[in-house]
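These notes concern the structure reproduced below.
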Amino acid sequence: FELNVGIFIGLIALLITSSWLYWGLKKRKFIKLKEKFFQQNGGLMLQQQLHGREGSSESVKIFTAEELEKATNKYDEDTIIGRGGYGTVYKGILADGRVVAIKKSKLVDQTQIEQFINEVVVLSQVNHRNVVKLLGCCLETEVPLLVYEFITNGTLFDCIHNKSKASSISWETRLRIAAETAGVLSYLHSSASIPIIHRDVKSTNILLDDNYTAKVSDFGASRLVPLDQTQLSTMVQGTLGYLDPEYLHTSQLTEKSDVYSFGVVLVELLTGKKALSFDRPEEERSLAMHFLSSLKNDRLFQILEDYIVPNDENMEQLKDVAKLAKRCLEVKGEERPTMKEVARELDGMRMMTKHPWVNIELNPEETECLLGEHSDTHYNGGSLNIVSTSDITTSQIVLPLNNGR
């Protein structure tokens, strides 16, 4: 009997020891895997870049995989708030109670890790009220995760194309959203230490807060433009309906590619129609082409959003915005205005609405003198000390999401 008891105790001890060794080895393997991903995703490089920065008001936090798993209830389907070609966006609640948007990309080209790190560093330095703020990232998973502030009112796309919401967005609000978005793009093109081309400007990448303030997001496809270059040869990337036709045919990316895409967003704001829809007749499937055709045939007011009612006060302004959109949609990039010019014109239109006694016949020099430098009007004193995107740094990145978060 004593022998049996001894054997039983021995077996129990062996089982416990084996289990302990198994879980110990499994945990060690898991830790090594996280370390592998961290290094593979440029974690050491990112830490060096962030620690080496001076003058940054706030550092980007490097989250652990466990923190973000807990925040999203292990990436539960119910926490998904956006899904697109590049990946998925989840709504999460951090341990300190902050609500965040966590972007999980489908894949990352390992040759672009350095540019990804640059993007994170640049976005961490951007201080612009109309750019979604990057809070941090996680590099312990197979693909890097980005953590952004959560914007409450969804995307501009949802607000324009959801009829119950569209009726609540007045023309004045639409014009302000357009001006704020143009200000961000002008800032990225002209005022960042290294110019940034967004490369995926569209209504799903413009978020709105409770006051319908625009917040530009999704810099995953963004590219830095070296100061000695005006264009970049890249693999064509973007969204059909918004894609610059010149870029599509030449693969030469320039700042004017963003101008074209912004022109499509302007037309969306005017018409309430989607940039591309196969539910429409063939000649109307492309909103840009349908809009240009309608302007040519003097049918602007027939294609305006139902909730935009032309009257004596806004009729000329609607025409002016339509003319500006037409210039943004020129086939040749060199014939399009710069985003700085677009932003200044939109600000001028808003100013004329608020102060109608201002002389509309002022020449460009006088207008510029009255409005002041565009950067002072739009940039909230933003400083950019590093490299690229919403608060990050980047050269070539692939992390945008369809629903704009």
Checklist entry - What FRET efficiency, computed as 1/(1 + (r/R0)^6) with R0 = 30 Å and r the Cβ-Cβ distance, is obtained for MET315 and ARG98, rounded to the nearest 0.05? => result 0.10
Checklist entry - Spin-label point model (7 Å from Cα, Cβ direction): what's the ASP76 to ASN4 distance in nm? => result 4.9 nm
Item to check | Alpha-carbon Rg with Dmax, taken over segment 232-305, Å | outcome: 13.1, 40
Next on the checklist: So if the hydrodynamic radius of segment 282-344 is defined as the Kirkwood radius over C-alpha pairs, what does Stokes-Einstein give as its diffusion coefficient at 4 °C and 1.567 mPa s, in µm² per second?
Outcome noted: 101 µm²/s
Checklist entry - chymotrypsin sites (Phe, Trp or Tyr not before Pro), restricted to segment 234-282: which are DSSP loop and have at most 15 other Cβ atoms within 10 Å? => result PHE278
Checklist entry - Sorted by packing (mean other beta-carbon atoms within 10 Å per residue), highest first, where do 314-321, 194-201 land? => result 194-201, 314-321
Checklist entry - Roughly how many Å² of ILE81 are accessible to a 1.4 Å probe, to the nearest 10? => result 40 Å²
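The values are calculated or read from the model by the stated rules, or taken from the named source; none is laboratory data. Values in this document were obtained by computation on a predicted structure and should not be read as measured data. Every residue, glycine among them, receives a Cβ derived from its backbone with ideal geometry; neighbour counts consider all protein chains shown. All accessible areas refer to the heavy atoms of the entire protein, side chains included, with ligands and DNA or RNA removed. Shrake-Rupley method; radii C 1.70, N 1.55, O 1.52, S 1.80 Å.
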